[in-house]
1. What nm value, rounded to one decimal, do you get for the distance between residue 250 and residue 205 when each label is placed 7 Å out toward the C-beta?
2. Return the long-range amide H neighbours of residue 54 (sequence gap of 5 or more, or a different chain), with a cut-off of under 5 Å between placed amide H atoms.
3. What residues from segment 86-115 fall in the zone where the backbone N is under 14 Å from a label point 7 Å along the Cα-to-C-beta line of residue 149?
4. Just going by the charge dipole of the chain, with Lys and Arg at +1 and Asp and Glu at -1 on Cβ, which of 215, 419, 254 is farthest out on the positive end?
5. Counting alpha carbon pairs within less than 8 Å and at least 6 residues apart, what relative contact order, in whole percent, applies to the chain?
6. Quick one: net charge of residue 414's neighbours, Cβ under 14 Å, K/R +1, D/E -1?
7. Out of (i) 22.8, 67; (ii) 25.8, 83; (iii) 23.6, 82, which label holds the value of Rg and Dmax of the Cα atoms in Å that was computed here?
8. Test of understanding: what is the full-extension gain from residue 289 to residue 114, defined as 0.36 nm times their sequence separation minus their Cα-Cα distance?
Amino acid sequence: MLDPFSESQLLVNRRHFFGKSASGIGVAALASMLGDNLGAKPSPDSKPAPKAKRMIYLFQSGAPSPQDLFDYKPKLQEHHGKELGEFVELNQRKTGMTAGQKSFPIAGTKYKFKKHGESGTEISELLPHISSIADDICLIRSMYTEAINHDPAITFFQSGSQIPGRPSIGAWLSYGLGSENKNLPDFVSMVSRGTGRPNCQPLYDRLWGSGFLPTKHSGVKFMSVGDPVLYLSNPSGYSPKARRKMLDDLAELNEKKLAEFSDPEIDTRIQQYELAYRMQTSVPELTDISDEPESVLNMYGPEVKKRGTYAYNCLMARRLAERDVRFVQLYHMGWDQHFTLPKQLSGQCYDADQPTAALIKDLKMRGLLDDTLVVWGGEFGRTSYCQGKLTRENYGRDHHPRCFSLWATGGGIKPGMTFGQTDDFCYNIVDKNGAPIDAHPTKHNKETVHVHDLHATLLHQLGIDHTKLTYKFQGRQYRLTDVHGHIVKDILS
């Protein structure tokens with residue numbers, strides 16, 4: 001595993017090689033040859049067999065309610081309005097939004113659940129399209145996290161730490177596995193606003209950042225207006241030939257600085273300028289969906305042609321996957337239903353249901369699902385007690401990190417199964433005998449899935465031993481699963 005000093009020494013040695021070339025290898029070749037070998041590679045000792053080549057993470061920001069979508073609890077219906085404390089010990093940490101409530105009444109879901117497919121997976125009527133892919137997904141009902149507020153919880157899922165500053169999972173994959181398409185970024189992120197709560201808590205660029213890894217591993221954000229990538233187009237009156245000459249001159253200056261200082265960030269600058277030049281051709285071709293059959297567009301739903309929507313971003317995710325982009329991160333905002341859940345949740349599901357199912361079906365039809373990992377879920381769960389006033393027609397749910405649902409598919413994930421379970425009130429994770437499990441990352445239990453366990457499992461499917469993918473920073477080796485994480489073998493095919 002490399003660190004900044006080792007990278008600098010490596011660059012020094014290569015500098016002598018390139019400096020002795022009679023006419024120079026060229027900036028693009030330099031970028032390619034440097035970039036292929038700077039990433040951390042899986043240890044030959046661990047030899048995890050890669051089942052996936054790429055990953056698409058559909059992050060539902062704000063935390064979807066499992067009780068209303070994926071984890072049906074008849075007892076919540078039966079005891080609607082009664083105090084939750086009559087049935088479970090309320091020892092879960094509460095947020096400041098409900099800690100002062102004098103009453104914690106049970107809120108049963110308004111929505112009907114049915115079993116779907118040969119697997120018989122129970123899914124809410126709010127998700128009819130995702131229900132149609134029940135036999136393709138692995139539904140995990142025993143996720144848990146320590147984070148109880150949105151920003152640290154989202155940061156934890158993206159970087160393995162609640163504290164900002166660590167590399168995102170996409171940056172780790174870019175660093176560890178490198179690129180399979182030299183004309184597009186290793187890592188692309190896209191953000192859409194939901195109709196449930198369009199002005200929900202913000203998402204920050206650091207969520208797809210590289211942290212202390214070289215900045216070439218940062219995610220490239222695709223924009224919803226203007227150029228898909230910032231500064232992609234040449235200025236008015238500026239020809240491609242002039243742009244090429246400017247980049248050649250700039251590369252020559254950067255190479256002189258690289259020779260003088262051996263700073264890996266200068267190498268990053270060289271590579272990123274060249275990638276930006278290549279993207280002037282590759283990105284317009286990627287985002288031109290005129291070649292998509294109408295049947296495919298219809299499958300993604302009526303919003304698919306509108307840039308910036310979740311449906312459009314799902315289609316882009318498939319197009320990026322078939323072009324071998326390593327990691328695609330979609331964020332869909334607006335799942336934070338504290339007070340008017342029935343009104344807001346239906347809107348969020350309308351946004352996400354059809355495009356999500358279409359993406360899975362589309363990948364499957366093209367033979368891409370077998371080696372593409374897809375993950376769908378948020379940052380924590382929601383409470384079974386109501387936040388604010390409870391009525392038969394309206395209720396809200398606060399944050400609940402102790403147990404929640406998330407699903408994954410493709411890339412060697414076992415399809416058509418449900419893993420883990422919660423108690424009758426969706427308050428605790430329980431074992432197969434119904435006994436509560438003291439879920440904690442230092443007390444590993446094979447029936448629970450911590451955030452680090454999820455990360456370890458995803459990396460394993462991509463052929464990486466999560467304990468070996470490290471980077472030395474400030475005197476010690478860091479990793480995405482720093483310092484816990486177990487592979488959830490029962491969900492692997």
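Bear in mind that the values in this text are calculations on the coordinates, not laboratory data. Computed from a prediction, not measured in an experiment: that's the story for all the values here. Because the Cβ atoms are built from the backbone with ideal geometry, glycine has one as well, and the counts that use them run over all protein chains shown.
1. 1.6 nm
2. 373
3. What the label zone holds, given the 14 Å backbone N cut-off, is 94-99.
4. It is 254, whose Cα lies furthest towards the positive end.
5. Numbers: 1036 pairs, mean separation 141.9, N = 493.
Over the chain, the number comes to 29 percent.
6. Details: positive: 51, 489; negative: 118, 135, 136, 370, 490.
With Lys, Arg at +1 and Asp, Glu at -1, the neighbours total -3.
7. Computed from these coordinates, Rg and Dmax of the Cα atoms in Å corresponds to label (iii).
8. 59.4 nm
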